[in-house]
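Step one of this worksheet: look at the structure below.
The values are calculated or read from the model by the stated rules, or taken from the named source; none is laboratory data. Please read these numbers as outputs of a predicted model, since none were measured by experiment. Neighbour counts run over all protein chains shown; Cβ positions are idealised from the backbone, glycine included. Protein only, heavy atoms only, side chains kept; ligands, DNA and RNA dropped before computing areas. Shrake-Rupley method; radii C 1.70, N 1.55, O 1.52, S 1.80 Å.
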Amino acid sequence: MRQIWIGALALLTGAAATAGIGFKGPGSATVFPVADAVKTVTLHRLTGAAEWTVYDFWQHPVARGALKSGESTLTLPLAEPGYYRLVVRSGQETAETGIAVVAPPPALRKDSPFGINSHFAQGWETSLIPLIRAAGFSWIRDGLEWQSVEPRKGEFDFNFEVAKRVLKASEALHVVYCLSYGNQYYDQRSAPVTPDGIAGWKRFVGATAGAFPKVDTFETWNEYNCGFNMFDKVRPTAENYMLLLKATRAQLKQSRPQAELMGCSATTLPFEWLEEVFALGGLDYMDSVSVHPYRWGEWQRMPETLYPDLLRLRQLVDKYAKGRHVPIHTTELGWPVDWKYRISEAKQAAYIVRTYANLQRAGVDKVLWYCFMKPPQDPELFAIGELILPEWNYTPRPGYAAIAAMTHAVGDLDYAGEVAVPAPALCMKYQKGGRTVHLLWNPETKPVTLAVASGRPVTLTDLMGGRHVLTPVDGRVQLVLAQMPVYLEGEIGAVSLSTAVTASPAAMQTAVNTPFRFRLDGEAGFSLAVDGREYAAGQSVLLEGNDSIGSRNAIGDFRRGGVTCGFFCLSYDVLTQLSLAGVQLLPAQQQIRVDIDNILPLQFQKITGFAGTFAGAPLPAPTLDRLAITPVTTLLLPFRKEVKPYDLKPLVLRFDFSSHPSLSHEGMLGNNPCFYRKDITIDGEVGEWRNQPCIDLRAQGKYVPAFGEPDPGPQNFNGKVWVAWDDNRFYLAAEITDPTHHQVFPVWQGDSLQVGIGKLFPADSDTSIEAEITFSSQNGDCWVFPGRTPLGFDGGAIRQYSEPRMKHTGNRSTYEVAIPWDKIRFIGPGDGAFRFSILVNNNNGTGRLGWLEWGSGIGSGKNPELYPVMTFVK
């Protein structure tokens, strides 16, 4: 659980006076029950007349109108469940908001798998509780921190506003109460391990159990395995976790014997750590296992990859459970809205449904998405809605409507198993009391056409809750599906691949403002009605593109003889036609290689202009004046400058095209080899490194002062760095001139190294880590601390499995470190290249004086895109 305080956010919104048109729904949310006869939205700061249009999730206009000057309330004629987008235009200003119309939610069920993470303990208003229920959730995950309820040692206080909000939420919803984190009076606010800390923790558990009588499901810490909120003061080992787990179990069962205790709460499925806990008898002290199987840095891995991973976890749990069935819960997980990974809000909505479905396939009991709301000015990308200031209006994202449609369709039913259908499609059955619903989807981007046998009309509910009645022709209804799940209710027989109709796109993407084309094939008499047009079998179908990058989702009806006998649904990406895919220095050839991706190679693009400099010298124009008719055009730009290893030179590029916006690049480029070595011994000595080129931090990097401190000069602060690799580990060595070795906490404020390692593309905070490397000159202890890591990343594994050795003699410090590739996770030798940056901090006992850095993106600001590119050399 992240720490997000929003109670004081109003103080951060000084721009409210100049904000544009704002929106507010009744109850401070643009979420409406479908049964509401009147659905109104109030507009704020609207001056003059305005025109408005409502679009559905499939980008069809469904309502429009106008407001006279002085009017501010819209009444929207939205009679069907779904996600809608309201766009208002007044003069030169355009504003929009999301709207969800939802069908009645299922009854609150303790055995429901549907849950969501909340933050009432961190300031959320209780007005969100009805919205959580309206989406069909029975469970939330929340919890007050130990620090907040024991402000004075030995005195517990639950009588404050935030605690009252958690209490109110627990009276309306089932709660997974996460017991965490440390307290300033015990074990330096880290996880308790000392007798005094453990005793204090037990008092905290007992007091919490008494303060929340409606809560009977508790979780022990949050993401202990990666040292979350432990401040690097207690090692997140399985042995230390067992101390906490046993104490929690003993106290909770004494205070509330029937309460359920979840154990582990581990992030990213650390199987080694989990097995260590289980082997120590951990399952004897928990009623269930909770995990957070995020795909950090690997968001391109679809929800279907959860299924084999959770089956593996089930096998591991069963191995140590001594014949007892131990439930598994996923109390945090999610996919962010992040276009670097081609995840739009629409695709996230499909992923939410598929996540709950795949985890039910794997036998997971509870699934709690992270999370319900994005607070203002927080970079939260996982949420299914956001709080918009200054109206304080909860604005749903498509994911809200998608999960509301799912819980309405199957939330009152029981999961009845998987149904065999042709690959790659998947199908799950839900039933109860004579009612049966099939959830059917194709996880692939390319469409698959299915024929569903039925003797009677079938009701299909789409991703957003829209209902479609399909009448069989020749005993079958036809479905074309790609990525978006649907629900079928009615007489359902065998599902087979269809030959009656097929849709065959060449690729599932198109360029901005360019139609998406595919061929519709099939038997005579079939037609497809989509985007207001009807196409016969054998014709090419053109779907509208977008005027900006994103995803386009389309639905339509198959017809034959005037009968609607099938459903069509797919999603495709809308991209810029051209993009710079890579820039690389080829030192042996004295060339700069530039790769330009072209998603529409048959759409002619001529290079009409070029400007570029490298190391301050102009680059000649490319010899090609037009792009090749291939997905990638490679341009080789010659340069005459000698570039020694690790010399970073400024590169500026600009390409102009005949009918496309210019492409530009600006950054530092160099010949940066990471050498393959099999002879490295981690002993703190750097003798074996001297036979390869090094990074000279003074000659090839720069000194950055802190707080205006003077540069101590090369004679007092200097250094060399070497990097290498083998198939299993990344190696780093450094020799630093520094007469005084002084270490403090946090590590980066004392003498230390800070290293940034990241994926070549995309380069961002989700695909990179920082490690802080230091040692104690008093006792020789050496550490590799996880610094900045993605939320949920197993930083504890970096610390546990890295091998560091450091020494300080005279005026010289030496560092030697090996870090396993499988603990970095984002990158490996098979990638060919990665991003790397390093700085060396200086502290002589009077505070942080400054640092030497090679590359950038660590010291003056966190930006992995500024890490230089390093190439694996064998």
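Select from segment 614-637 the residues that are in a strand (DSSP E or B) and farther than 14 Å from residue 584 by Cβ and write down the one among them that is nearest to the chain's Cα centre (by Cα). Ranking the candidates gives 633 first.
Of everything listed in (1) in contact with a strand residue (DSSP E or B) (Cβ under 6 Å, 6 or more places away or on another chain); (2) surrounded by 21 or more Cβ atoms within 10 Å (Cβ to Cβ); (3) modelled with pLDDT of 85 or more; (4) over 17 Å from residue 689 (Cβ atoms), the single unmet condition for residue 759 is (1). The number of residues in segment 762-771 that are part of a loop (DSSP other than H, G, I, E, B) and closer than 21 Å to residue 695 by Cβ comes to 1.
Does residue 438 satisfy being open to solvent by 10 Å² or more (accessible area, probe 1.4 Å) and within 25 Å of residue 518 (Cα to Cα)? It is false that residue 438 is open to solvent by 10 Å² or more (accessible area, probe 1.4 Å) and within 25 Å of residue 518 (Cα to Cα). Can we say residue 830 is touching a helix residue (DSSP H, G or I) at 6+ places or on another chain (Cβ under 8 Å) and either within 30 Å of residue 339 (Cβ to Cβ) or not in a strand (DSSP E or B) (or both)? Here the answer is no, as residue 830 does not meet what is asked. Within segment 471-490, the residues that satisfy the criterion of being touching a strand residue (DSSP E or B) at 6+ places or on another chain (Cβ under 8 Å) and either among the β-branched types (Val, Ile, Thr) or farther than 29 Å from residue 352 by Cβ (or both) are 471, 472, 473, 475, 476, 477, 480, 486. Every condition in (1) under 23 Å from residue 237 (Cα atoms); (2) in a helix (DSSP H, G or I) holds for residue 307 except the one numbered (1).
When we screen 340, 347 for residues that are of a type outside the set (Gly, Ala, Ser) and in contact with a Ser or Thr (Cβ under 8 Å, 6 or more places away or on another chain), the only hit is 347. Within segment 152-176, restricting attention to residues that are buried (at least 19 other Cβ atoms within 10 Å of the Cβ) and outside any helix (DSSP H, G or I), the residue that is nearest to the chain's Cα centre (by Cα) is 176. Only one entry of 791, 852 meets the criterion of being among the aliphatic types (A, V, I, L, M), open to solvent by less than 50 Å² (accessible area, probe 1.4 Å), over 22 Å from residue 729 (Cβ atoms) and not in a strand (DSSP E or B), and that entry is 791. Among the residues of segment 103-127, those that are assigned to a loop (DSSP other than H, G, I, E, B) and either open to solvent by 10 Å² or more (accessible area, probe 1.4 Å) or farther than 21 Å from residue 211 by Cα (or both) comprise 103, 104, 105, 106, 107, 108, 109, 110, 111, 112, 113, 125. Criterion first (closer than 23 Å to residue 827 by Cβ, in a helix (DSSP H, G or I), in contact (Cβ under 8 Å) with a residue 40 or more places away in the chain and of a type in the set (Lys, Arg)) does residue 799 satisfy it? Judged against the criteria, residue 799 is a match. Residues of segment 362-390 that are within 25 Å of residue 174 (Cα to Cα), open to solvent by 30 Å² or more (accessible area, probe 1.4 Å) and part of a strand (DSSP E or B): 374, 386. When segment 635-651 is limited to residues that are touching a strand residue (DSSP E or B) at 6+ places or on another chain (Cβ under 8 Å) and open to solvent by 60 Å² or more (accessible area, probe 1.4 Å), the one that is farthest from residue 513 (Cα to Cα) turns out to be 644. Here segment 302-324 is the region considered, the condition is being more than 22 Å from residue 357 (Cβ to Cβ) and basic (Lys, Arg), and the residue that is least open to solvent (accessible area, probe 1.4 Å) is 324. Under the condition of being outside any strand (DSSP E or B), open to solvent by 60 Å² or more (accessible area, probe 1.4 Å) and polar (S, T, N, Q), the residues counted in segment 659-676 number 1. Looking across 335, 299, one residue alone is buried (at least 16 other Cβ atoms within 10 Å of the Cβ) and at pLDDT below 95. It is 299. Residues in segment 729-764 that are touching a Lys or Arg at 6+ places or on another chain (Cβ under 7 Å) and of a type in the set (Ser, Thr, Tyr): 731, 737. Determine, yes or no, whether residue 272 is within 22 Å of residue 315 (Cβ to Cβ), open to solvent by 50 Å² or more (accessible area, probe 1.4 Å), at pLDDT below 95 and of a type outside the set (Phe, Trp, Tyr). Judged against the criteria, residue 272 is a match. So which residues in segment 132-151 are of a type outside the set (Asp, Glu) and either open to solvent by 20 Å² or more (accessible area, probe 1.4 Å) or over 21 Å from residue 109 (Cα atoms) (or both)? Answer for segment 132-151, where residues must be of a type outside the set (Asp, Glu) and either open to solvent by 20 Å² or more (accessible area, probe 1.4 Å) or over 21 Å from residue 109 (Cα atoms) (or both): 133, 134, 144, 146, 147, 148, 149, 151.
Taking the stated definitions as given, is residue 132 closer than 30 Å to residue 42 by Cα, touching a strand residue (DSSP E or B) at 6+ places or on another chain (Cβ under 7 Å) and assigned to a helix (DSSP H, G or I)? Judged against the criteria, residue 132 is a match.
For segment 420-465, the tally of residues that are in a strand (DSSP E or B), free of Cβ contacts under 8 Å to residues at least 24 places away in the same chain and within 30 Å of the chain's Cα centre (by Cα) stands at 2. Selection of segment 554-590 for residues being in a strand (DSSP E or B), among the polar types (S, T, N, Q) and at pLDDT below 95 yields 571, 579, 584. For residue 858, are the conditions met, namely being of a type in the set (Val, Ile, Thr) and out of contact with any Leu (no Cβ under 6 Å at 6 or more places or on another chain)? So residue 858 does not fit the description; no.
Listed here are the residues, each with its yes/no results for (1) among the β-branched types (Val, Ile, Thr); (2) open to solvent by less than 50 Å² (accessible area, probe 1.4 Å); (3) over 30 Å from residue 381 (Cβ atoms); (4) modelled with pLDDT of 95 or more.
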position	(1), (2), (3), (4)
709	no, no, yes, no
717	no, yes, yes, yes
728	no, no, yes, yes
741	no, yes, yes, no
748	no, no, no, no
755	yes, yes, no, yes
768	no, yes, no, no
785	no, yes, no, no
795	no, yes, no, no
